[in-house]
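The values are calculated or read from the model by the stated rules, or taken from the named source; none is laboratory data. Everything quoted here is computed from the prediction, not taken from an experiment. In this analysis, Cβ positions are derived from the backbone assuming ideal geometry, glycine residues included, and neighbour counts consider all displayed protein chains. Each accessible area value is taken on the protein alone, full model and side chains, heavy atoms only, with ligands, DNA and RNA left out. Shrake-Rupley method; radii C 1.70, N 1.55, O 1.52, S 1.80 Å.
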Amino acid sequence: MAYQALILRDAARAAATVQEFEKLGITSWCARLIDAIWPQDTAALSSMAAALRAGSYDWLVLTSATTVAVLHELLDGRPLPQSLELAVVGAKTAQSARELLGLETDFQPEVQSAAGMAAQWAPPTGARICYPHGDLASGTLGDFLAGLPVQVDEVIAYRTVDAGTPGRPVPGPAAPEHVTRLDPAQIGAKLEELDLVVFSAPSIVRRFVQLAGGRLPERVHTLAIGQPTARALEAAGLPVHGTAQDPGPVGLAQAARGVLGIDQAAQRTAEPRLSKKQD
């Protein structure tokens with residue numbers, strides 16, 4: 001059986017998920033509903049970058065690849081101290097930090113979320129921690145760090161706005177040609193054809209409701225990336241058919257398979273049968 005899914009995420013970030021969905025017989029479209037733009041005042045960001053280069057911090061905490069892109073542009077090729085340790089949420093964030101900042105991950109929680117990090121991470125007493133993040137980041141990690149005997153500096157690295165809002169965009173990778181994009185204005189008309197909609201953030205839920213309304217066709221299943229997004233769906237009156245704790249492509253594909261009830265054995269590509277040779 002063929003399935004159709006809409007992934008509410010930037011096409012470049014969703015490309016690997018699209019490939020994993022294809023293995024399950026799911027054809028995907030991607031729609032970007034939000035953009036990341038620089039804060040109007042970047043003085044705090046510039047000071048933070050200078051402090052990072054000067055070795056003023058023991059730990060850098062990163063929870064999104066977008067923040068990595070901001071730091072990469074701020075640093076402009078200048079290296080960070082080798083003594084700086086890195087705590088991340090998400091394999092994509094870790095990969096971006098390695099490729100763009102030259103940093104290897106020192107701590108990554110098993111559950112890839114701010115709550116997962118708060119449940120597992122125990123930075124040493126007195127540690128100096130730099131935590132840049134988006135303006136819509138939940139307070140889960142910040143509140144956790146504020147309750148520890150450590151020094152924490154939080155800085156807004158970027159603003160999350162509706163796609164097309166004027167501002168200086170945070171640079172991101174280009175999407176490969178195999179990813180099919182859907183104009184956000186066409187989402188409402190496309191819903192009747194879909195089996196699954198993947199929501200990647202609470203802000204995405206808000207924008208989706210603005211564009212498509214607060215109801216879904218009965219055939220459409222929903223998949224939330226993380227508990228905050230699931231709670232946002234519930235608050236908007238939309239059903240939550242599944243929640244992916246692992247935001248990576250494989251984790252999303254596993255969650256989608258469960259939501260849609262796809263039999264893994266039935267998705268194996270048929271191979272030509274070879275006749276046995278006669279002795």
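Remarks
- Residue, most open to solvent (accessible area, probe 1.4 Å), within the stretch 91-142, restricted to residues that are among the β-branched types (V, I, T) and modelled with pLDDT of 90 or more: T125
- Evaluating A15 against the criteria (1) modelled with pLDDT under 95; (2) within 30 Å of T222 (Cα to Cα); (3) in contact with a Lys or Arg (Cβ under 9 Å, 6 or more places away or on another chain) leaves one unmet condition, (3).
- Applying the criterion of at least 2 residues that are farther than 25 Å from F208 by Cα to the helices (runs of 4 or more DSSP H) found wholly in the stretch 1-77 leaves 43-53, 65-75.
- Pairs are defined by a Cβ separation below 7 Å, a sequence spacing of at least 6 or placement on different chains, a first member in the stretch 135-147 that is closer than 20 Å to A122 by Cα and without any contact (Cβ under 8 Å) to a residue 40 or more places away in the chain, and a second member that is of a type in the set (D, E, K, R) and open to solvent by 40 Å² or more (accessible area, probe 1.4 Å); the pairs so defined are G142/E154.
- The single condition among (1) touching a residue at least 12 places away in the same chain (Cβ under 8 Å); (2) open to solvent by 50 Å² or more (accessible area, probe 1.4 Å) that T66 does not meet is (2).
- Residue match in the stretch 236-259 (condition: in contact with a strand residue (DSSP E or B) (Cβ under 7 Å, 6 or more places away or on another chain) and modelled with pLDDT under 90): yes
- There is no residue in the stretch 37-52 that is closer than 17 Å to V259 by Cβ, of a type in the set (G, A, S) and either modelled with pLDDT under 95 or surrounded by 20 or more Cβ atoms within 10 Å (Cβ to Cβ) (or both).
- Yes/no for L196 being of a type outside the set (D, E) and within 19 Å of A12 (Cα to Cα): no
- Taken over the stretch 78-132, the criterion of being assigned to a loop (DSSP other than H, G, I, E, B) and of a type in the set (D, E, K, R) is satisfied by R78, E104, D106, E110.
- Residues being within 17 Å of D195 (Cβ to Cβ) and either over 15 Å from the mean Cα position of the chain (by Cα) or surrounded by fewer than 18 Cβ atoms within 10 Å (Cβ to Cβ) (or both) - total across the stretch 1-35: 16
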